[in-house]
Amino acid sequence: MSSQTDFIPLQICVLTVSDSRTLDTDSSGDYLVASLTGAGHGIAERALLPDDRYAMRALVSKWIADPTVDGILVTGGTGFTGRDSTPEALLPLLDKEMPGFGELFRAVSVEEIGTSSLQSRAFAGLANATFVFALPGSTSACRTAWEKIVRHQLDARTKPCNLATIRPRLKEA
């Protein structure tokens, strides 16, 4: 039996939502994949989709239904432009929202981008015992989210608590 101080590798999917990037030019997705694997996690799948709420919902629903997927990181589509629709696409899929993530992300972003942080609709939650994090599309925002929040919460060694160690209990009745 592993103790709470042992690292628990998770299987994570990475989705980039963009109308202008390709997998070859997706620096945000590249950063997240490198950060996840560098931390010891596995990449279950990586994809890039245009900002289409139904295509996003279909793919993320597939990943949520897969019992081998522990988490999903989505980058892009969290702003206010007419095409930004990640929150509208994915919030209905969540069983539980994690409001503290969006609040904390915007709070730490203030240090870097000032009041422009209010333009982020970053969010997180749980769906079928799968963590879902929706991050802005910029690589610097992904770096901020990873380094200040997500990396620590996906690491079972983070004290006093973290998401990695509670995952087995998420489906308790």
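The values are calculated or read from the model by the stated rules, or taken from the named source; none is laboratory data. Just so we're clear, the structure is a prediction, and the values are computed from it rather than from any experiment. Counting neighbours? That spans all protein chains shown, and the Cβs are built from the backbone with ideal geometry, glycine included.
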message: Could you tell me how many of the residues in the stretch 16-45 are in contact with a Phe, Trp or Tyr (Cβ under 8 Å, 6 or more places away or on another chain) and either buried (at least 17 other Cβ atoms within 10 Å of the Cβ) or not in a loop (DSSP other than H, G, I, E, B) (or both)?
response: 5
Filtered residue count, the stretch 20-51, keeping only those that are of a type in the set (D, E) and modelled with pLDDT of 95 or more: 3
- request: Any chance you could count how many residues in the stretch 122-143 are closer than 19 Å to R21 by Cβ and either buried (at least 23 other Cβ atoms within 10 Å of the Cβ) or not hydroxyl-bearing (S, T, Y) (or both)?
  value: 9
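Residue-by-condition table, conditions (1) under 26 Å from D6 (Cα atoms); (2) free of Cβ contacts under 8 Å to residues at least 40 places away in the same chain; (3) of a type in the set (V, I, T):
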site	(1), (2), (3)
E97	no, yes, no
E112	no, yes, no
T115	no, yes, yes
G137	no, no, no
W146	yes, no, no
I149	yes, no, yes
